[in-house]
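What follows is a set of notes on a single structure, which appears directly below.
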Amino acid sequence: METAKTPWYIKARQAMQRAGIKGYELAAMIDKAPSTVSQYLSGERMPPLSVLKEIARMLDVTVPYLTEDDPSFASTEVEILALKSLRAIPKAQHEIALKLLRSLEKQDEDSPK
């Protein structure tokens, strides 16, 4: 049975709520427009890693805490490279692409050398 996946931005919103931080306040803290942060926190837009690190720092959480269950974040070098080349696909299909990549990677590991 597969466990539920929690997108990073939901964890970020939960951390904001615990800390009593509003979206516009976080935007000021990381020097981004409130509309940009709103897009990040709704899942419409993916922040660059540097911004994600800043968000995590401001919320007193770690980047791995935010991203560990999020299928939008790759976990291996192969997945990272593949996702960079697959940016043209809709975000909703990222998990499908990652599953395919993991399957191909596993087949490669299982094949005789």
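Points to keep in mind about this one:
- Phi-derived couplings, Karplus 6.51 cos²θ - 1.76 cosθ + 1.60 at θ = phi - 60°, listed residue by residue for region 53-64: 4, 5, 4, 4, 4, 5, 8, 6, 10, 9, 4, x Hz, with x used for Gly and Pro.
- Quick note on region 1-53: its Rg to Rh ratio, both from C-alpha atoms and Rh being the Kirkwood radius, is 1.01.
- Extending 7 Å from the Cα toward the beta-carbon at both SER35 and GLU68 defines two label points whose distance is 3.6 nm.
- Distance between modelled label sites at LEU104 and GLU25, nm, 7 Å Cα→Cβ extension: 4.5
- Residues in region 25-39 carry Karplus couplings, in order, of 6, 4, 4, 5, 5, 9, 6, 10, 5, x, 5, 5, 5, 4, 5 Hz; the curve used is 6.51 cos²θ - 1.76 cosθ + 1.60 with θ = phi - 60°, and Gly or Pro positions show x.
Where a number appears in this text, it was derived from the coordinates with a stated rule and is not lab data. The structure displayed is predicted, hence computed values, not measured ones. Cβ: placed from backbone, ideal geometry, glycine included. Neighbour counts: every protein chain shown.
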